[in-house]
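Below is one structure, written out as structure tokens; the observations come after it.
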Amino acid sequence: LQAEPSMGTAIKYLPHYTVEERDRWEGDWELIKGIPYALASPLPLNQRILSRLGWLLTEILEDCSECALYIELDYYISEDTVVRPDALVFCGNPGNKLTDLPDIVFEIVSESSRKTDEIVKYDLYESCGIPYYVIIYPEERAVRVFMMEGKRYKEISEQPSAFQLRHCQIEVDFNRLW
């Protein structure tokens, strides 16, 4: 009789892919530490919130010429990790491929992405040192803002939320999303 494999053993035998391999796949995929995550088609509500977020941040960033908003841009973290946040703010020139640390990352939660956004990406963005991570919950009309403090995220609750970027400071009133 063979014993059931332990969780550690099961993880040991999971396939491990590289970004180079992922770039040859059909469809839309994120790759986090070698594990593929299929990107689902966005919900209409999420798209509406993303459009409003884009409009709001583009307006706010007009006074900060060094920083720009990017929608659904791949962020290449390592040879086995690439993610596509719903939106991000990057101060500087990303070139042809974003490999440098974004200033703010935004994820808009749907039921199918909740665990990935709240746990997997939270841990990933925190370990990368991304200064701000914003999780938007369209159904609940809620926003959670996390700011890097030391090497850990701390949730901030002030409204409007203030973000100290590399070249400027901005304030975002997330109530305007609804």
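The values are calculated or read from the model by the stated rules, or taken from the named source; none is laboratory data. Note that the structure is predicted; figures quoted are calculated from it, not measured. Here the Cβ positions follow ideal geometry from the backbone for every residue, glycine too, while neighbour counts run over all protein chains shown. For accessibility, only protein heavy atoms count, side chains too; no ligands or nucleic acids. Shrake-Rupley method; radii C 1.70, N 1.55, O 1.52, S 1.80 Å.
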* Would you please classify the overall shape of the stretch 33-178 from the alpha carbon gyration tensor, given that a ≥ b ≥ c denote the square roots of the eigenvalues, rounded means a/c under 1.5, and beyond that prolate means a/b larger than b/c while oblate covers the rest? => rounded
* **Modelled label reach - E72, point 7 Å along Cα→Cβ, the stretch 92-110 residues with backbone N closer than 16 Å** => 106-110
* Tell me, in nm to one decimal, what length is gained between Y13 and E79 on full extension, where the rule is 0.36 nm per residue of separation less the Cα-Cα distance? -> 21.8 nm
* Report in % the part of the accessible area of the chain that belongs to carbon and sulfur, leaving out ligands and nucleic acids; probe 1.4 Å. => 49 percent
* Taking the Cα centre of each part, how many Å lie between the stretch 114-170 and the stretch 50-94? -> 14 Å
* Note down the net charge around S127, summing +1 for each Lys or Arg and -1 for each Asp or Glu among other residues with Cβ under 11 Å from its Cβ. => +2
* Structure fact -> Between the modelled labels at R141 and C64 (7 Å from Cα along Cα→Cβ) the distance in nm is 2.7 nm
* At a Förster distance of 35 Å, what's the computed FRET efficiency of S112 paired with A162, Cβ-Cβ distance as r, to 0.05? -> 0.65
* Asked: For V19, what charge total do you get from the other residues with a beta carbon under 15 Å from its beta carbon, if Lys and Arg give +1 and Asp and Glu give -1?
  -> -3
* Beta bridge orientation in the stretch 78-178: antiparallel %, DSSP, nearest 5 -> 80 percent
* Label point at R52 placed 7 Å out along Cα→Cβ; residues across the stretch 128-152 whose backbone nitrogen lies under 12 Å -> 137-143
* Can you tell me the order of 158-171, 72-85, 42-55 when each peptide is scored by its average per-residue count of other Cβ atoms within 10 angstrom, highest first? => 72-85, 42-55, 158-171
* Collect residues whose amide H, placed 1.01 Å from N in the peptide plane, falls under 5 Å from the amide H of D80; neighbours closer than 5 in sequence don't count. => V19
* To do: Sequence neighbours fewer than 8 away in the same chain don't count; with that in mind, list the lysines whose C-alpha is under 18 Å from K154.
  => K121
* **the stretch 1-131, accessible area per residue, ligands and nucleic acids excluded (1.4 Å, Å²)** => 58 Å²
* Highest first, please rank the peptides 90-98, 119-127 by the mean number of other Cβ atoms sitting within 10 Å of their residues. => 119-127, 90-98
